[in-house]
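Q: Structure in structure tokens, see below.
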There are 2 protein chains.
Amino acid sequence: MTTSFGIAIHGGAGTILRSAMTDALQSQYTNALEAALSAGHAILMAGGSSLDAVEAVVVSLEDFPLFNAGKGSVLNHEGKYEMDAAIMCGKSLAAGAIGAVSSVKNPVVLARRVMDKSEHVLLFGAGAEQFATEQGVTLVDQEYFYTEGRFSQWQEALKLHKVMLDHSDKKFGTVGAVALDIHGNLAAATSTGGMTNKRYGRVGDSPVIGAGTYADNKTCAISCTGHGEYFLRAVVAHDVSCLMEYKGLSLQDACDLVVNDKLVKLGGEGGLIAIDTLGNIALPFNSEGMYRGSRSGIDPAVVRIYKD
Amino acid sequence: MTTSFGIAIHGGAGTILRSAMTDALQSQYTNALEAALSAGHAILMAGGSSLDAVEAVVVSLEDFPLFNAGKGSVLNHEGKYEMDAAIMCGKSLAAGAIGAVSSVKNPVVLARRVMDKSEHVLLFGAGAEQFATEQGVTLVDQEYFYTEGRFSQWQEALKLHKVMLDHSDKKFGTVGAVALDIHGNLAAATSTGGMTNKRYGRVGDSPVIGAGTYADNKTCAISCTGHGEYFLRAVVAHDVSCLMEYKGLSLQDACDLVVNDKLVKLGGEGGLIAIDTLGNIALPFNSEGMYRGSRSGIDPAVVRIYKD
């Protein structure tokens, strides 16, 4: 079925194992996904832009402390926060991205400013933070990002000398959103705290246009979540778009081929969310689960965590 | 014609205007391109790998002070050097890239180490330099990169409050190489000092896999040079590869479509070098010129600067 507008969101591929998930915890995740979905959906319902919708969703997910983005981000090897984010407009192919920022409350807001207010696409580190200051984007102390769970994970990762994922049982900590608005415009946004105990300066696919984030009104909007290095090498988001544009594949077929065939062969675990110009939505993942939600037009919202 | 091996190199799209070019200067550029080409070609002739060949070419171009990469890099707004580089293997899709390093003599060597010796693809800034130290990659003082010409350009750019290109008359400072070896493997590498007076932390397309650098044994190897922001948004290198793989276009047709049609419509000036699995070479650019050279098998080397 196609609809005039729609939205899909994710809070990362790979999830807490069912055996370790409690009802109370599952409710917290579900509520957070529903709240974020609803924030974006309200904007689309009111005739707002897909860009505004995906930004609002990602802000909401960044503010939720159990997802690895914004508040609740994981710690790198040095015990610091280094966050990445990107946003892209399918109409103009305009894009903004930032990497390795440590004091920006909502990294996706800064990515949007890079797109709207700078002549650049990609800003990193202290340079990105300087731009944030000039733009009046909200900065916070490191304590803002602190959560006890992440601190324990980091301590454990340090002890094991391992770069670890979001949960100890394999979770790729990323949040993202894709949307189609009533004006026919697509947009995508992604935000992440990266990997626990990651090397200082490591950047994954999230802020890389074409890899973790992509939108083109000719095809689709995509936000990825997974083992970033593989998504970078496979240029995942752009590959889905090219399979649609050049090979004529449907959104679902293109997503399945990339996530469940090409990425699997390369060894890359994860998933993505996608929406096309007709409002079709695909939420493929090759991991145990993916925190995800979607809503097509005025249909009811659907929120899921595991495969079912 | 197809050959069993081949190599193509560039020293940036856009060149000094013919009116400002002297015979002596032109000889210097031509000699530098010939020397770099020859370094890569010798490796291929001896049965070496395309990865070793592109790395050797880029090292040679980085060491030449008139190209904007390694020694001779431009200065950013703060009067510092911030260099980016990437390398990719078409056989395994392994890739390594580094951004915003300021003390690494040959950034492409560090990119190769990221690919070969780390579990990551993309490392930035101080984290990348720390990895360089661990790997014993040659570090140098800032004075090593200093050239009088770049210093004057920076002073001029500061005065004009402008982000400037390599030459005052529009030159995109990047160097790169692509190669096919006798084992049938493709590789690509790119290195740059970025844009004069660029914002601290700005990153262009060069170190972004899929945008400025890409290689896949199924299709081609690509290294780009141009206004990086447009190349990032258009995911240029991967787009050429997808047009070949999914739409069946020849290397030349795919390159022409991306460089002379899609990029032009988006407003993106520049060019790229490309080689496919049969040894076909394409060197398209939509700018005034592109410092470039190529050699197919044992055919004579060809080195050019302007359109002719």
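Q: Hey, in chain B, which Cys have no second cysteine's beta-carbon closer than 4.7 Å?
A: Taking the Cβ cut-off of 4.7 Å, the unpaired cysteines of chain B are B:Cys89, B:Cys220, B:Cys224, B:Cys255.
Q: I would also like to ask the following. Heads up, I need the accessible area for A:Arg199: 1.4 angstrom probe, whole protein in place, Å², nearest 10.
A: The accessible area of A:Arg199 comes to roughly 60 Å².
Q: DSSP H helices in chain B with Cα extent of 24 Å or more along the helix axis and mean Kyte-Doolittle hydropathy at least 1.6?
A: none
Q: Arrange the residues B:Leu17, A:Leu232 by how much accessible surface each exposes, largest first, with a 1.4 angstrom probe.
A: Final ranking, largest accessible area leading: B:Leu17, A:Leu232.
Q: Still on this structure: From largest accessible area down, sort B:Tyr146, B:Tyr29; use a 1.4 Å probe on the protein chains.
A: Putting B:Tyr146, B:Tyr29 in descending order of accessible area: B:Tyr146, B:Tyr29.
Q: Give the accessible area for B:Lys80 in Å² (nearest 10); use a 1.4 Å probe, count only protein heavy atoms, and leave out ligands, DNA and RNA.
A: Looks like 120 Å² after rounding.
Q: Evaluate the distance, in nm, between pseudo-label points positioned 7 Å from the Cα of A:Leu158 and of B:Thr133 along their respective Cα→Cβ axes.
A: 1.9
Q: Find, among the GluC sites (Glu not before Pro) in the range A:79-147, those assigned to loop by DSSP (not H, G, I, E, B) with at most 12 other beta-carbon atoms within 10 angstrom.
A: Passing sites in the range A:79-147 are A:Glu119.
Q: Report the FRET efficiency, 1/(1 + (r/R0)^6), for A:Glu143 and A:Leu17, where r is their Cβ-Cβ distance and R0 is 25 Å, rounded to 0.05.
A: 0.25
Q: In what sequence, largest accessible area first, do B:Ser118, B:Ser27 appear using a 1.4 Å probe?
A: So the residues, ranked largest to smallest area, are B:Ser27, B:Ser118.
Q: Averaged across the residues of A:230-236, what count of C-beta atoms belonging to other chains lies within 10 Å of each residue's C-beta?
A: That works out to 6 on average.
Q: Give me the inter-chain shielding for A:210-216: mean count of other chain Cβ atoms within 10 Å, whole number please.
A: 4
Q: On to the next question. Residues of B:107-120, mean number of Cβ from any other protein chain within 10 Å of their own Cβ, rounded to a whole number?
A: Neighbouring Cβ atoms belonging to other protein chains average 2 per residue here.
Q: Right, here's the next one. Which whole-number percentage describes the relative contact order of chain A, with Cα contacts under 8 Å and a sequence gap of 6 or more?
A: 26
Q: How much accessible surface does A:Asp253 have with a 1.4 Å probe, in Å² rounded to 10?
A: About 90 Å², ignoring ligands and nucleic acids.
Q: For a test of understanding, tell me how many lysine pairs in the range A:169-308 have Cα atoms under 21 Å apart, given they are 8 or more places apart or on different chains.
A: Lysine pairs meeting both conditions in the range A:169-308 amount to 13.
The values are calculated or read from the model by the stated rules, or taken from the named source; none is laboratory data. All figures in this text were calculated on a predicted structure; none of them were measured in a lab. Virtual Cβ from ideal backbone geometry, glycine too; neighbours counted across all protein chains shown. Surface accessibility is based on the protein's heavy atoms, side chains included, excluding ligands, DNA and RNA. Shrake-Rupley method; radii C 1.70, N 1.55, O 1.52, S 1.80 Å.
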